[in-house]
Amino acid sequence: MLHVAVVGSGPSGCYTAQSLVQRDPGVLVDVLDRLPCPYGLVRYGVAPDHEKIKSLQNNLRTVLEDERVRFLGGVQVGPRGVPVARLRELYHAVVYCVGAATDRRLGIPGEDLRGSWSATEFVSWYSAHPDAVADGFVLGARTAVVIGVGNVAVDVTRMLARGAAELSPTDMPESALASLASSQVSRIHMVGRRGPSVARFTTKELRELGTLPDTQVTVNPVELEMDPDYVDPSALPAAQRRNVEVLRGWATAPAPSGRHRIRLRFFLRPVELLADGDRVCGVRLERTRPDGRGGLVGTGRYEEIEAQLVLRSVGYRGVALDGLPFDPRRGTVPHVAGRVVREGVAAPGEYVAGWIKRGPTGVIGTNRPCAKETVTSLLEDAPALLRRAVPADPLAALRAEGVRPVEWSGWQAIERAEAELGASLGRGVVKLPDWESLLTAAQGGARD
Ligand SMILES: Cc1cc2nc3c(=O)[nH]c(=O)nc-3n(C[C@H](O)[C@H](O)[C@H](O)COP(=O)(O)OP(=O)(O)OC[C@H]3O[C@@H](n4cnc5c(N)ncnc54)[C@H](O)[C@@H]3O)c2cc1C
Ligand SMILES: NC(=O)c1ccc[n+]([C@@H]2O[C@H](COP(=O)([O-])OP(=O)(O)OC[C@H]3O[C@@H](n4cnc5c(N)ncnc54)[C@H](OP(=O)(O)O)[C@@H]3O)[C@@H](O)[C@H]2O)c1
């Protein structure tokens, strides 16, 4: 049998495992994840109020429940865990599907002031990621600025504008629910550095902002009209044209007022976060204009927006894994058709898929063809890979070295504990928010 380790149980890891077992009856797959819970950003990124997308976890579950696939949670690969070189000895092939764990930086003064957070931190907090920093995001804030106009920016804007009644049925942890339910944030400015026709959000997500209860969405028609492709969208791809139509609707029809006010701004690039002591109190922005080639130029004119909360939503970023090559400029592992490139050579035996391969863009489904391409390369290499002897059961070798994975029964025990917690609170499933409660729940499963 061909023993393959897939590192990461997000969409790319699950689609890699699925493609392997579907295409080769002689393959056994261990899916390792540093977290005791599977599904990566589907569990810890997709917004809690998007239940339909979250339910994709059920599709990924069927992969991890396949009889030739084992989920090994709580296993960190790299420093303070199983070294990359050791994993390579234990398996015929290793596929790294570790995603993009951190945020891109703005590189402007004031970025680290209190009250300035990356969207990554905010998302991790409301998603109950066990590494999330303590709460306090909305404490004392009345106005928020969200920097960036991608789908994550739309997610965090929407979460700030949702009320307790809408958040309570979600699986959001109790502390985040209580904090957002009592939030005084009523004005949210979402700011793009370029024009509306090149904004990265998708129309469904954009349109949803206009359907939020008790929320008024406004745009500045003058800013919209600075974009030639807004004025004449005929040359735009259909997706961008639909965005323009939604924005045009908001520009022409008076929006009903509401407790929350979301204001979409364009052609403003942040140059500094302003300080009141060690806390953020506003954002200084430079007016930009299109350069005629899809980019922007500064105009030397500035404006300031008051804010006690700043969420920097300018993209995610891959993290180097000790022992694997890394391209720091792109934040990805260099590869050819999924084969990791070491010293200029695409070496059989090590592969990548998902965000660590392509960079942090694309929806869940984008990872499926990406994983397929990688699996095609791996299966082409399989005859050569099988010539190397590996332990009959890599898990036994890992256990002998002190690794104690959370297996599928442990994860199922976490799911039961989350259902029980929700029932005790009069809610649906409620996520356990920290390492201790997750590992305690998982141990319950090990005893079953
Ligand atoms: C906030 C947010 C919301 C999103 N919402 C949507 C949405 O609504 N719809 C949609 O279609 N797409 C959405 N996306 C995009 C989608 O989540 C990604 O396309 C997808 O998750 C990328 O998959 P991945 O497997 O490459 O990475 P991830 O999903 O990040 O999975 C990586 C996994 O690797 C594990 N890992 C990392 N390092 C190690 C290590 N050293 N050892 C062991 N394990 C490790 C992590 O714990 C994680 O489980 C969203 C993205 C974000 C950031
Ligand atoms: N519901 C969904 O389907 C959903 C939800 C969430 C995420 N996702 C997906 O997940 C992926 C990641 O989303 P994302 O929103 O993190 O990234 P993204 O789509 O790449 O958007 C990043 C945003 O940050 C801006 N930006 C980057 N650097 C900046 C800077 N220095 N100053 C100001 N603005 C800057 C970008 O503007 P420029 O364009 O000018 O660079 C862009 O508006 C995307 O593919 C997204 O579609 C999907």
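Where a number appears in this text, it was derived from the coordinates with a stated rule and is not lab data. Please read these numbers as outputs of a predicted model, since none were measured by experiment. Glycine also receives a Cβ, built like all others from the backbone with ideal geometry; neighbour counts cover every protein chain displayed.
Highest mean packing first, where packing is the average number of other Cβ atoms within 10 Å per residue, the peptides 164-175, 367-378, 230-241, 55-66 line up as 367-378, 164-175, 55-66, 230-241.
Rounded to the nearest 20, the size of the Cβ-charge dipole of the chain about its Cα centre is 860 debye, with Lys and Arg at +1 and Asp and Glu at -1.
Can you compute the charge dipole magnitude of segment 93-200 about its Cα centre, using +1 on each Lys and Arg Cβ and -1 on each Asp and Glu Cβ, nothing else charged? Give it in debye, rounded to the nearest 20.
Its charge dipole is roughly 580 debye.
Under a 5 Å amide H cut-off, with hydrogens placed 1.01 Å from N, ARG342 pairs with ALA347 among residues at least 5 apart or on other chains.
Considering only VAL429, VAL341, SER179, and ranking their Cα positions along the charge dipole of the chain that arises from unit charges at the beta-carbon of Lys, Arg, Asp and Glu, the one farthest toward the positive end is VAL341.
Between 0 and 90 degrees, the angle of helix 408-424 with respect to the longest Cα principal axis of the chain falls at about 40 degrees. 3J(HN,Hα) along segment 384-398, derived from phi through the Karplus expression 6.51 cos²θ - 1.76 cosθ + 1.60 where θ = phi - 60°, amounts to 5, 5, 5, 6, 8, 6, 10, x, 4, 10, x, 5, 4, 5, 5 Hz, with x in place of Gly and Pro.
Rounded, prolate or oblate: which one fits segment 59-108, using the alpha carbon gyration tensor with axes a ≥ b ≥ c (rounded when a/c is under 1.5, else prolate when a/b beats b/c, else oblate)? Note, shape of segment 59-108 comes out oblate.
The residue among HIS189, GLY140, THR252 whose Cα reaches farthest toward the positive pole of the charge dipole of segment 104-316, with charges on the beta-carbon of Lys, Arg, Asp and Glu, is THR252. Set Lys and Arg Cβ to +1 and Asp and Glu Cβ to -1, take the dipole of the chain about its Cα centre, and tell me which of PRO109, ALA419, GLY292 lies farthest positive. Farthest along the dipole direction, towards plus: GLY292. Multiplying each eigenvalue of the alpha-carbon gyration tensor of segment 104-316 by 5 and taking the square root yields semi-axes of 27, 21, 15 Å, largest first, rounded to whole angstroms. Using C-alpha pairs under 8 Å with a sequence gap of at least 6, the mean separation divided by the residue count of segment 149-264 gives a relative contact order of 36 percent. Note on the chain: helix-only mean residue ellipticity at 222 nm, from DSSP H runs of 4+ residues weighted -39500 (n - 2.57) and normalised by residue number, equals -10000 deg cm²/dmol.
Given an 8 Å cut-off on Cα distances and at least 6 residues of separation, report the relative contact order of the chain as a percent.
21 percent
Annotation: average projected area of the chain is 22.8 square nanometres, based on the convex hull of Cα atoms across all directions. Using the Karplus relation 6.51 cos²θ - 1.76 cosθ + 1.60 with θ = phi - 60°, the per-residue 3J(HN,Hα) values for segment 320-337 come to 5, 10, 3, x, 10, x, 8, 9, x, 5, 8, x, 9, 8, x, 7, 10, 6 Hz, with x marking Gly and Pro.
Charged side chains reduced to their Cβ positions (Lys and Arg at +1, Asp and Glu at -1) give segment 34-101 a dipole of some 220 debye around its Cα centre. Applied to segment 343-349, the Karplus parametrisation 6.51 cos²θ - 1.76 cosθ + 1.60 on θ = phi - 60° returns per-residue 3J(HN,Hα) values of 6, x, 10, 7, 8, x, x Hz, with x for Gly and Pro.
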